[in-house]
Amino acid sequence: MEYLEKFVEKAFNEKPFKEWAEKNEIELIPKVPQPQHRKTKRFVLRYVSVAASLILLSAIAVLSIILPLTPDVTYPSTIPDLPRIYTEEDAISQNITLDYLYQIEHLILFNREQIQNENNGLEVTRYVVKYEEDFLLGYTLAPISFVTLDGQNTFLINFRIRVHRYFMFREYERFNNFTQNITNNNINLYFHILENNQALARFEYNDIEYFLTITCFYEQDITDDSLTMIFRDLTS
């Protein structure tokens, strides 16, 4: 543009060219005004771009701080149900045979030779959840006429096995908070001697709980020694 102005000044011998051009209202290259809306549009686009960039950079900075603090946790596809309490009202009882129980290897049972009434009045029952017979809660064997190995002591025993920990059968609370205990084969028997020649006892083995209500058959006094004898015969 300056070269063109100098050429015109030399050709017309007019100086300065700008004064002459303005005086004669001449424009060699007319200036075309730009539409105002284009400038506004460019300004808005530039502002939006800058704002979006700032938001993106802020998000990256925040994530870079949070992600390292988030533990690597794999969540299950379904949340398991919380444990619930089952009572005898939630269960149905089914009569089974003593042979059925003796086929279950992980259960602790009395020696069959010591059970005098297995074919005379002994009831063996299992408890399952209503409408879900494969959901086992526990067993009972009662009454057991139990004779110790020395043949001198006979006891009547109500024997209950609780397989499911949240099965609260009747009188379950009676077996809590015992302070006396006997140990045999690393198994602890907790017991409490009652009046009327009775005792309550419980022990746990392989995550299964056993509860015994023991009564002297011939109205003999139940002692620590007699309970030790019964527990030894049961867990030996």
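When LEU234 is tested against (1) within 22 Å of TYR86 (Cβ to Cβ); (2) part of a helix (DSSP H, G or I), exactly one condition is not met: (1). Take the conditions assigned to a strand (DSSP E or B), modelled with pLDDT under 95, within 22 Å of PRO143 (Cβ to Cβ) and not hydroxyl-bearing (Ser, Thr, Tyr) and apply them to ILE214. Does it pass? Here the answer is yes, as ILE214 does meet what is asked.
Would you say SER226 is of a type in the set (Ser, Thr, Tyr) and surrounded by 14 or more Cβ atoms within 10 Å (Cβ to Cβ)?
So SER226 fits the description; yes.
When the stretch 185-203 is limited to residues that are polar (S, T, N, Q) and in a loop (DSSP other than H, G, I, E, B), the one that is nearest to LEU227 (Cα to Cα) turns out to be ASN197.
Yes or no, residue by residue, for (1) of a type outside the set (Lys, Arg); (2) in contact (Cβ under 8 Å) with a residue 40 or more places away in the chain; (3) surrounded by 14 or more Cβ atoms within 10 Å (Cβ to Cβ):
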| residue | (1), (2), (3) |
| --- | --- |
| PHE135 | yes, no, yes |
| ALA142 | yes, no, yes |
| VAL147 | yes, no, yes |
| MET168 | yes, yes, yes |
| GLN180 | yes, yes, no |
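Looking at ILE157, ILE187, just one residue is in contact (Cβ under 8 Å) with a residue 40 or more places away in the chain, in contact with a helix residue (DSSP H, G or I) (Cβ under 6 Å, 6 or more places away or on another chain) and of a type outside the set (Ser, Thr, Tyr), and that residue is ILE187.
Against the numbered list (1) more than 18 Å from ASP224 (Cβ to Cβ); (2) more than 31 Å from the chain's Cα centre (by Cα), ILE182 comes up short only at (1).
Determine whether ILE208 is closer than 18 Å to TYR86 by Cβ, touching a residue at least 60 places away in the same chain (Cβ under 8 Å) and aliphatic (A, V, I, L, M). When the stated conditions are applied, ILE208 passes them. Just to verify a result, which residue in the stretch 149-166, among those that are in contact with a strand residue (DSSP E or B) (Cβ under 8 Å, 6 or more places away or on another chain) and within 23 Å of GLU105 (Cβ to Cβ), is surrounded by the fewest Cβ atoms within 10 Å (Cβ to Cβ)? Top of the filtered list is ARG165. The condition of being modelled with pLDDT of 95 or more, assigned by TED's automatic domain parsing to the domain that holds VAL163 and within 21 Å of PHE169 (Cβ to Cβ) holds for only one of TYR131, TYR139, TYR100, that being TYR139.
The values are calculated or read from the model by the stated rules, or taken from the named source; none is laboratory data. Since we're looking at a predicted model, the values are computed, not measured. With ideal geometry, Cβ positions are generated from the backbone for all residues, glycine too; neighbour counts draw on all protein chains shown.
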